[in-house]
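The values are calculated or read from the model by the stated rules, or taken from the named source; none is laboratory data. None of these values were measured; they are calculated from a predicted model. Methodologically, a virtual Cβ is constructed for each residue, glycine included, from the backbone with ideal geometry; neighbour enumeration extends over all protein chains shown.
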Amino acid sequence: MQSKLPSVGTTIFTVMSKMAQDHSAINLSQGFPDYDCPPRLRELVAEYLDGGKNQYPPMAGIPELREQIAGKVSTIYGCNADPDQEITVTSGATEALFDAIQACVRPHDEVIVFDPAYDSYVPAIELSGGKAVHVPLSLPEYSIDWDRVAASINTRTRLIVINSPHNPCGAIIDYSDLEQLATIVRDRPIYILSDEVYEHMVFDGQKHHSVLSHPELRRVSFAVFSFGKTYHATGWKIAYCVAPPELTTEFRKVHQFVTFTTSSFVQYGLAGFMRECPEHAIELPMFYQEKRDLFCRLMEGSRFAITPSRGTYFQLADYSAISDSSDMEFVTWMTREKGVAAIPLTPFYEQPPETRIIRFCFCKDDSTLEEAAGILRAI
């Protein structure tokens, strides 16, 4: 069979997690916690599982959960989203991203992505018949060069994908970025796909700026969020998309034939937890800032060069003082020989820059971070 994705292999996250498992290495590569989700959330999910909430829920998500989401985005972003017409629960953020791309990108359309770009974007674009136009983020801050974006726009441009807080770099977009984006797409048939799954992981007193908080962008945007990231339950694969009615209509046409719906008892549990424990999301930035600060302190005295991450639960590190090897060679050596796994950045680029930078994940128990940093300091 001729492949529809000839350049796509196994994702780097799977490769590195398997390598970590094969070599009994500490896994600071793939982004999942090694601690559990909140006890009350587990209790609620179990209650609904045992209480018979085990049949198909509505395609768009149970009303109770969509109402809680509407309340949340209203409180945090000042966005009055209609639960029935503008909010859709999905089986993970990857599904939501895929659905949004399939909903609006047609053959020969162009989609702007920012390198290093999360690895699910381009395959979804290619499956839709579109073409990814890669605009590199500007080093060392991994900021967006809006003049370069404007120069990349043409009549075939249909979608711009933004990601803040950014995976894999931990960079964040501020309100002036949203203003410049709005200027670029104004009066053009261009949509925005905003990947905001790390919305509650912004540090040092900074604020997450969602497209939902920008009235002009709100009208042309799909905004994607993740329960798995927020509630330390990545394995549940549950997320949601907020978009205006006309975009949601097209989004749901795809969603209903990709997963149709998402596990019922988990949705009920999440709705109950959002209602009972809104403080969890409010306190999350400080929770992860403490982990970031701990990891950075533990790495002091190492030969890795680190600038503290501005968001997400990822920390970049420059290993130039240690090795001239490529990042893939370096993380392979480090996993096999030293017992700590990390993620290389080059798989997220169309044309990788001449840098020696890798990504560590710090959403781990403090004891895990201490053990890993002890090994890394000795390299």
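Among the helices (runs of 4 or more DSSP H) confined to region 208-269, the ones with at least 3 residues that are within 19 Å of residue 80 (Cα to Cα) are located at 215-218, 245-255.
Residue-wise test of (1) under 18 Å from residue 197 (Cβ atoms); (2) of a type in the set (Lys, Arg); (3) modelled with pLDDT under 95.
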residue: 285; (1), (2), (3): yes, no, no
residue: 293; (1), (2), (3): no, no, no
residue: 303; (1), (2), (3): no, yes, no
residue: 315; (1), (2), (3): yes, no, no
residue: 320; (1), (2), (3): no, no, no
residue: 323; (1), (2), (3): no, no, no
residue: 327; (1), (2), (3): no, no, no
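Only one entry in 110, 67 is assigned by TED's automatic domain parsing to the domain that holds residue 171 and buried (at least 18 other Cβ atoms within 10 Å of the Cβ), namely 110.
Within region 178-190, residues that are within 16 Å of residue 145 (Cβ to Cβ) reach partners that are of a type in the set (Gly, Ala, Ser) and part of a helix (DSSP H, G or I) with beta carbons closer than 9 Å, at six or more positions or on different chains, in the pairs 178/213; 180/150; 183/150; 184/150. Return the pairs, sorted by first residue and then second, in which the second residue is assigned to a helix (DSSP H, G or I) and surrounded by fewer than 16 Cβ atoms within 10 Å (Cβ to Cβ), the first residue lies in region 326-351 and is assigned by TED's automatic domain parsing to the domain that holds residue 28 and among the hydroxyl-bearing types (Ser, Thr, Tyr), the beta carbons are less than 9 Å apart, and the residues are 6+ apart or on different chains. Partner pairs satisfying both residue conditions: 335/22.
From the list 102, 85, 55, the one residue that fits, being surrounded by fewer than 21 Cβ atoms within 10 Å (Cβ to Cβ) and either under 16 Å from residue 222 (Cβ atoms) or outside the structural domain of residue 228 (by TED's automatic domain parsing) (or both), is 85. Among the criteria (1) closer than 15 Å to residue 17 by Cα; (2) modelled with pLDDT under 95, the one residue 354 does not fulfil is (1).
A residue that is in a loop (DSSP other than H, G, I, E, B) and touching a strand residue (DSSP E or B) at 6+ places or on another chain (Cβ under 9 Å) can be found somewhere in region 34-52. Cβ separations smaller than 6 Å between residues 6+ apart or across chains give the following pairs from region 122-138 residues that are free of Cβ contacts under 8 Å to residues at least 40 places away in the same chain to residues that are of a type in the set (Phe, Trp, Tyr): 124/98; 135/114; 137/114. Within region 315-326, being crowded, with 19+ Cβ neighbours inside 10 Å and either more than 15 Å from residue 359 (Cβ to Cβ) or in contact with a Phe, Trp or Tyr (Cβ under 7 Å, 6 or more places away or on another chain) (or both) holds for 315, 317, 319.
Within region 180-188, does at least one residue satisfy the condition of being surrounded by 23 or more Cβ atoms within 10 Å (Cβ to Cβ) and closer than 22 Å to residue 283 by Cα? No, that holds for no residue. For region 1-30, the tally of residues that are in contact with an Asp or Glu (Cβ under 9 Å, 6 or more places away or on another chain) and surrounded by fewer than 18 Cβ atoms within 10 Å (Cβ to Cβ) stands at 7. Of all residues in region 31-52, those satisfying the criterion of being within 30 Å of residue 362 (Cα to Cα) and surrounded by 17 or more Cβ atoms within 10 Å (Cβ to Cβ) are 31, 32, 33, 37, 41, 44, 45.
A quick yes/no check of all residues on (1) surrounded by fewer than 18 Cβ atoms within 10 Å (Cβ to Cβ); (2) farther than 30 Å from residue 226 by Cα:
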{"position": "298", "(1), (2)": "no, no"}
{"position": "301", "(1), (2)": "yes, yes"}
{"position": "313", "(1), (2)": "no, no"}
{"position": "342", "(1), (2)": "no, no"}
{"position": "370", "(1), (2)": "yes, no"}
{"position": "379", "(1), (2)": "yes, yes"}
